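Coordinate-derived values only; no laboratory data. Just so you know, these numbers come straight off a predicted model, no measurement behind them.
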Amino acid sequence: QAQLVESGGGLVQPGGSLRLSCTASGSSFTIYSMGWHRQAPGKQRELVAIITSAGSTNYADSVKGRFTISMDNAKNMVYLQMNSLKFEDTAVYYCYAGATIKGTYSVFWGQGTQVTVSS
């Protein structure tokens, strides 16, 4: 009933920028929050940033001041602007949406997009 598709990942040099996009599609759902998690090689998946439909945001300490999350409620899209990228930002980035479907809250995940920071 809800599908998330990410785009914008790729290879970038340290200090560079990337902009990730995620679009939620489907029917009979109401989105309350969207965000991004990432999983680096050999590490557990971690929260990167989250934004609610009301506009409140939260970031991991490691990305504060460098990453910016935004949301287009009308289009059911979330973006992650990533600046000043570091080697340690290399990971698969997963989009998620917290939504209700017929009154039941569920979390939906995208397939992930690879971000590689390398010189």
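Mean-square fluctuations from a GNM of the chain, with a 10 angstrom spring cutoff on Cα atoms, peak among ALA24, ALA97, ALA54 at ALA54.
Highest GNM mean-square fluctuation among SER53, SER17, SER27, for the chain modelled with Cα contacts below 10 Å: SER27. Based on the Stokes-Einstein relation at 10 °C and a viscosity of 1.306 mPa s, and on the Kirkwood radius from alpha carbon pairs, region 51-119 is assigned a translational diffusion coefficient of 115 µm²/s.
Listed by chain and number, the lysines placed with their C-alpha closer than 21 angstrom to that of LYS43 are LYS64, LYS86; residues fewer than eight positions away on the same chain are left out. Couplings for region 28-42, taken from phi via the Karplus curve 6.51 cos²θ - 1.76 cosθ + 1.60 with θ = phi - 60°, read 6, 9, 10, 8, 10, 7, 9, x, 9, 10, 9, 9, 8, x, x Hz in order; Gly and Pro are left as x. Dividing the mean sequence gap of close Cα pairs (under 8 Å, 6+ apart) by how many residues the chain holds gives a relative contact order of 37 percent. Highest mobility in the GNM of the chain, judged by mean-square fluctuation with C-alpha springs under 10 Å and restricted to ASP89, ASP61, ASP72, is found for ASP61. Put simply, the convex hull of the Cα atoms in region 1-80 casts, on average, a shadow of 6.1 nm².
Over all orientations, region 24-68 has a Cα convex hull whose mean projected area works out to 4.4 square nanometres.
Give the distance, in whole Å, between the Cα centre of region 47-61 and the Cα centre of region 81-106. Cα centroid to Cα centroid, the span is 10 Å.
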